[in-house]
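Shown next, in structure tokens, is the structure this report addresses.
The values are calculated or read from the model by the stated rules, or taken from the named source; none is laboratory data. From a predicted model like this one, the values you see are computed outputs, not experimental measurements. Cβ atoms come from the backbone with ideal geometry, glycine included; neighbour counts cover every protein chain shown.
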Ligand SMILES: C=CC1=C(C)c2cc3[nH]c(cc4nc(cc5[nH]c(cc1n2)c(C)c5CCC(=O)O)C(CCC(=O)O)=C4C)c(C)c3C=C
Ligand SMILES: [Fe+2]
């Protein structure tokens with residue numbers, strides 16, 4: 001349903017009672033001391049590290065977080081000692097509330113981060129206390145991935161199951177929204193602004209860098225992420241309507257298992273070899289500046305480009321509070337306040353076209369003989385972990401969880 005005018009939208013909201021908008025994001029450490037516990041929370045999530053046995057999850061999360069903390073802290077130090085994600089998300093929430101207000105709608109905005117403060121659980125407590133009657137759940141990820149929006153929906157699903165008060169509240173969850181026209185226009189606007197600062201704008205190569213995920217998410221677990229990223233890139237280029245060459249690659253790989261390809265660092269080197277000397281990098285999986293734009297692209301990939309002979313390296317800023325982007329969020333909220341609503345379970349099923357958690361994580365354990373093998377593999381895994389903890393070297397590298 002499309003809301004045609006302010007009066008109609010007001011009518012819908014009044015009929016619905018108090019409306020809340022829950023903005024979901026990943027969260028990031030506010031200061032260097034938070035990095036370790038933040039990483040522990042992240043790696044404890046089975047949607048991030050997929051293990052056949054839940055009892056291994058926490059010890060492994062602790063182990064990997066401990067190993068990664070100092071390198072990660074080093075990176076956060078380079079961007080000022082913490083993630084800007086919380087403050088930018090708060091600004092986005094404020095701008096969205098104001099935008100909705102100017103359109104004649106009143107909604108309470110809540111922020112629910114998956115791995116750091118303000119946690120999703122905290123937001124849900126507030127939502128129940130403030131007697132919200134209709135909740136719009138809006139992930140701040142334009143494209144759906146099991147590891148991002150999917151993980152937050154899983155958590156919400158669990159919270160809903162435990163809380164009868166939540167079960168009485170109507171909700172609409174928006175799985176992904178990369179086709180939203182104001183979002184596409186905002187992206188095109190930011191790219192145009194960057195191109196227009198160049199002497200020869202048409203000669204710049206537009207380089208989309210999306211966050212990667214392990215290839216198995218797409219090929220085995222049915223994550224629609226790659227398809228949505230590719231379509232999103234095409235739609236942005238259509239909206240931009242410029243003659244530039246462009247390509248897409250995937251960044252932020254963790255561990256040596258295969259992730260979606262081409263990898264951003266390799267792709268930059270290839271473009272250098274092909275003689276490209278002006279690169280306009282467009283981050284497309286995120287809507288806010290964070291460590292992967294400010295450190296990974298701006299520092300690490302810039303250096304790689306420089307070495308590859310690409311001396312004119314520019315990065316398109318993240319959307320943050322771009323007015324057209326805030327308008328896109330407002331449109332999504334208004335359009336989702338329609339009678340038909342999807343449950344988290346329905347979204348996860350539709351998006352992945354597979355059975356629902358927990359069985360779809362890995363299809364092991366269906367037969368008795370598979371169970372026996374599972375047990376043996378678990379023992380092997382556990383022994384490998386102990387060996388690695390003692391010696392500092394071991395099978396986790398082969399398994400692909402550590403670099
Ligand atoms: C290990 C697997 C990871 C997957 C899969 C993954 C997917 C994924 N992540 C984002 C967006 C963000 N990631 C952020 C931080 C972050 N992510 C991982 C690992 C995976 N991400 C780690 C280890 C970290 C911590 C930083 C580090 O040590 O490198 C953040 C927060 C950044 C901040 O400013 O703090 C965001 C946002 C997407 C979009 C995505 C899949 C599509
Ligand atoms: Fe990530």
Within the stretch 293-313, identify whether any single residue is more than 16 Å from ligand 2 (Cβ to nearest atom), touching a strand residue (DSSP E or B) at 6+ places or on another chain (Cβ under 8 Å) and assigned to a loop (DSSP other than H, G, I, E, B), and answer yes or no.
yes
With respect to the numbered conditions (1) surrounded by fewer than 16 Cβ atoms within 10 Å (Cβ to Cβ); (2) more than 21 Å from residue 113 (Cβ to Cβ), which one is the sole condition not fulfilled by residue 191?
(1)
Taking the stretch 195-213, which residues are in contact with a helix residue (DSSP H, G or I) (Cβ under 9 Å, 6 or more places away or on another chain) and either touching a residue at least 60 places away in the same chain (Cβ under 8 Å) or closer than 16 Å to residue 230 by Cβ (or both)?
195, 204, 205, 206, 207, 208, 209, 210, 211, 212, 213
From 183, 178, 171, grab the single residue that is outside any helix (DSSP H, G or I) and modelled with pLDDT of 95 or more.
178
Which helices (runs of 4 or more DSSP H) does the stretch 1-113 wholly contain that include 3 or more residues that are crowded, with 19+ Cβ neighbours inside 10 Å, at pLDDT below 95 and within 24 Å of the chain's Cα centre (by Cα)?
none
